[in-house]
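The values are calculated or read from the model by the stated rules, or taken from the named source; none is laboratory data. Keep in mind that what you see is a predicted model, and the values were worked out from it rather than measured. Counting neighbours? That spans all protein chains shown, and the Cβs are built from the backbone with ideal geometry, glycine included.
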Amino acid sequence: MKPPERICAFYSRGPHFERLLGELRKRYPGAHITALIPPGYPSEALEGLADEYLVTGNAAYSVRQARAAWDVILRIRSGRYDVFAVMFPSAKLGLLARLSGVPQRYCQTPDGRFLPLRSSLFRSSIQAADRAIRGRLLYAYIHYVIHHCPVENSGTGPETFGSD
């Protein structure tokens, strides 16, 4: 198998993007590395880590911005990359990697491991929907507790401080 010639690293929020680029440079020293970064990202921080950088249209993407996300996918596909790397093993980034069409897809976990992304498009979609539903249910539960479960003052304990 020939070594990868073109690599794309996709930035997502987190402090470890430079570490991801450094790992890619170490693993594939002769490859051309492209960093896909959001607007406003300091490109001088990529000096020596990436051969080029491309600025995306948005700082972040969501389901409501499907057209903008599709534009990023098309941009990745047009680069004809051999390797695509993301910063986290999340369902959303896994889906992006899968839709990119790049044959080798990896993520670097927050603890520094470099893992292949192998989930299917269907599984990534189900995981993303599951997380969204769980998040909304958790938010609804917290909202209910805050607004409908009053805290009672028993007259003893730390809640009575400051009363003389």
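Brief remarks on what is shown
- Taking the listed residues Ala35, Ala85, Ala50, the one that is in a loop (DSSP other than H, G, I, E, B), in contact with a strand residue (DSSP E or B) (Cβ under 6 Å, 6 or more places away or on another chain) and under 14 Å from Phe17 (Cα atoms) is Ala50, with no other qualifying.
- Within the span defined as region 120-142, one or more residues are β-branched (Val, Ile, Thr) and over 27 Å from Asp71 (Cα atoms).
- Matching residues, region 47-78, being at pLDDT 90 or above and crowded, with 19+ Cβ neighbours inside 10 Å: Ala50, Ile76
- Being of a type in the set (S, T, N, Q), under 26 Å from Pro4 (Cβ atoms), in contact with a Leu (Cβ under 6 Å, 6 or more places away or on another chain) and at pLDDT below 90 is a description that does not apply to Ser120.
- Matching residues, region 123-164, being part of a helix (DSSP H, G or I), of a type in the set (Asp, Glu) and modelled with pLDDT of 70 or more: Asp130
- Leu115 out of contact with any helix residue (DSSP H, G or I) (no Cβ under 8 Å at 6 or more places or on another chain), of a type in the set (A, V, I, L, M) and under 22 Å from Phe17 (Cβ atoms): yes
- Hits in region 1-40 (condition: surrounded by 19 or more Cβ atoms within 10 Å (Cβ to Cβ) and aliphatic (A, V, I, L, M)): Ile7, Ala9, Leu20, Leu21, Leu24, Ile33, Ala35, Leu36, Ile37
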